[in-house]
Amino acid sequence: MKKALITGATGFAGSYLVDDLIENGYKVVGTYLTDNSIKNVKKNENLSLQKIDLLKEDVVNNLIENEKPD
């Protein structure tokens, strides 16, 4: 199964992209910044959400290294 990393996965556009990727057979790792934005995303076993600040380069690099998206 292919894996995608989506920043802003809980936002308006990101949540639709997450749904589309999952429907097309992807496992999705999504990032979000605020807890109240999680309500925009449907729960799914092929979705993993990570709360991170994209301005912290080391955190972003670790996420990419650990998740290894395609």
Inside segment 1-35, can you point out the residues that are open to solvent by 60 Å² or more (accessible area, probe 1.4 Å) and either at pLDDT below 90 or among the hydrophobic types (A, V, I, L, M, F, W, C) (or both)?
Met1, Phe12, Ala13, Leu17, Leu33
Lone unmet requirement of (1) at pLDDT 95 or above; (2) on the phi < 0 side of the Ramachandran plot; (3) exposed (fewer than 14 other Cβ atoms within 10 Å of the Cβ) for Lys42:
(1)
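The values are calculated or read from the model by the stated rules, or taken from the named source; none is laboratory data. As the structure is a prediction and not an experimental result, all values here were calculated from the model. Ideal geometry is used to build each Cβ from the backbone, glycine not excepted, and the neighbour counts take in all protein chains shown. Ligands, DNA and RNA are stripped out before the accessible areas are found, and what is left, the full protein with its side chains, is counted by its heavy atoms. Shrake-Rupley method; radii C 1.70, N 1.55, O 1.52, S 1.80 Å.
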